[in-house]
Amino acid sequence: MAQGKVDALLGIVFGDEGKGKVVDYFTPKYDVVARFAGGPNAGHTIIFEGKKFVLRSIPSGIFDENKVNIIGNGCVIAPDLFMAEANELETAGYSLTNRLHISKRAHLILPTHRVLDRAYEAAKGEAKVGTTGKGIGPTYSDKAARVGLRVGDILDNFQEKYEKLKARHIQILNDLHFTDYNITEEEKRWMEGVEYLKKFQLSDTEIEINRLLEEGKNVLAEGAQGSLLDIDHGTYPFVSSSSTTAGGVCSGLGVAPRHIHRVFGIFKAYSTRVGSGPFPVELFDKTGDTIRHIGNEYGAVTGRNRRCGWVDLVALKYAIMINGVTDLVMMKGDVLDSFETIRVCTAYKKGNEQTTTMPYDTEGWEAVYEDLPGWKTPLTEIRDERDFPAAFQSYIDYLERELNTRISIVSVGPDREATIIRK
């Protein structure tokens, strides 16, 4: 029997590219869909048959009843939020317990992790990172400090382990003089979530995935956030706390690099960023507001305004390099339908210095633009690339040429059907 393979589907800028929709579209081609990083701070929105779903921790392949879905060891889980998310899906008619497998090695987000998140942000003042407040960073900090709790811990003497870590957190909060919290009700709901987790298959998912690969099964690794939010390769310190790049697939699922086949890099036809941090292409004018409004650029989980700008080739080239992207997926081309001119950032400048490669620190750099003609034609109803307006096709050709990577898929609307596979 032929060995199975792992394909990765990653956001390659600052996240929010529409990964959920593409994973949902790809799912029929795979046997397994697996999340390898991040937690409930990542909202993947999927729209089909007039229904809208926002997934936070559960893989986007869950709507296909015949597929195994896995939450890998690289993820962090908040039991109370997971329970609420799973209940919504079950109410909508999707059975989960037999199809959703959760790694025993995934770390748990405690209520006090969320309090610590707020406390750390408050202590930073104007230098705050702009986190979602979901406790992601403090949970990964505990993981690195080797004091965290994992899903497997709920199966043995859990209350004692929980109280010990909670006491550690409270001591830190006292040291920070942060007293504005009360987790009594939240903790009660959280413990209900812990019991709810026990309904699922809690397993050594790294062994399970490798066994499935040996059986010839194919796995789609679903990314969270974006490559420029990677803890190592992103715009540090304004990053997430996990490995969001292709390398995170190996560590976050327990698969060897030799199993990675194709790497799909998702980006928008323009750029967005949520939270603090440098963003050289950010638009502070009416154009930025127009993109935000047409593109509905508000966080699926937090509702926060996304900062908007033109597409950034400096960032894209960097992300393609570090991920080994084999195929690009361009989302939301339809958002730019009304513009006379489409701008593309080809370089950064600071004073007399100019660069086309990603600087160590992008703070203070400004975008250098090249202008292209807009297509001024609605794209949303198009279902065949042969019907693309000439200017839109020229935009795709230009990006492929500059990025030296094929754009294999183009999305021109939120529905499943508005996904065009290029021949």
How many residues does segment 176-202 contain that are part of a strand (DSSP E or B) and open to solvent by 40 Å² or more (accessible area, probe 1.4 Å)?
1
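Residue by residue, here is whether (1) in a helix (DSSP H, G or I); (2) of a type in the set (G, A, S) holds:
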site: Y25; (1), (2): yes, no
site: P28; (1), (2): yes, no
site: F53; (1), (2): no, no
site: S57; (1), (2): no, yes
site: G61; (1), (2): no, yes
site: E65; (1), (2): no, no
From the option list K161, K134, single residue qualifying as crowded, with 17+ Cβ neighbours inside 10 Å, under 21 Å from P79 (Cβ atoms), in contact with a helix residue (DSSP H, G or I) (Cβ under 7 Å, 6 or more places away or on another chain) and charged (D, E, K, R) is K134
Out of the strands (runs of 3 or more DSSP E) lying entirely within segment 237-336, which hold 3 or more residues that are hydroxyl-bearing (S, T, Y) and more than 30 Å from T205 (Cα to Cα)?
270-273
Could you please tell me which pairs satisfy a Cβ distance under 6 Å, a separation of 6+ or placement on different chains, a first residue in segment 179-201 that is more than 25 Å from L96 (Cβ to Cβ) and of a type outside the set (S, T, Y), and a second residue that is outside any strand (DSSP E or B) and open to solvent by less than 20 Å² (accessible area, probe 1.4 Å)?
I183/P111
Modelled with pLDDT of 95 or more and either surrounded by fewer than 16 Cβ atoms within 10 Å (Cβ to Cβ) or in a helix (DSSP H, G or I) (or both): is that true of K124 in this structure?
no
State whether the residues of segment 345-355 include one that is within 27 Å of G20 (Cα to Cα), modelled with pLDDT of 95 or more and surrounded by 14 or more Cβ atoms within 10 Å (Cβ to Cβ).
yes
Output yes when any residue across segment 84-92 is of a type outside the set (D, E), in contact with a Leu (Cβ under 7 Å, 6 or more places away or on another chain), surrounded by fewer than 22 Cβ atoms within 10 Å (Cβ to Cβ) and not in a strand (DSSP E or B), and no when none is.
yes
Residues being in contact with a strand residue (DSSP E or B) (Cβ under 6 Å, 6 or more places away or on another chain) and in a helix (DSSP H, G or I): count how many of those fall in segment 361-394.
2
Within segment 93-109, work out how many residues are touching a residue at least 40 places away in the same chain (Cβ under 8 Å) and open to solvent by 10 Å² or more (accessible area, probe 1.4 Å).
6
Check segment 12-20 and report whether any residue there is modelled with pLDDT under 90, closer than 26 Å to G193 by Cβ and touching a His at 6+ places or on another chain (Cβ under 8 Å).
yes
Looking only at segment 160-182, how many residues end up being within 16 Å of L108 (Cα to Cα) and among the aliphatic types (A, V, I, L, M)?
2
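The values are calculated or read from the model by the stated rules, or taken from the named source; none is laboratory data. Computed from a prediction, not measured in an experiment: that's the story for all the values here. Glycine also receives a Cβ, built like all others from the backbone with ideal geometry; neighbour counts cover every protein chain displayed. For the accessible areas, the whole protein counts, side chains as well, though only heavy atoms, and no ligand, DNA or RNA atoms are used. Shrake-Rupley method; radii C 1.70, N 1.55, O 1.52, S 1.80 Å.
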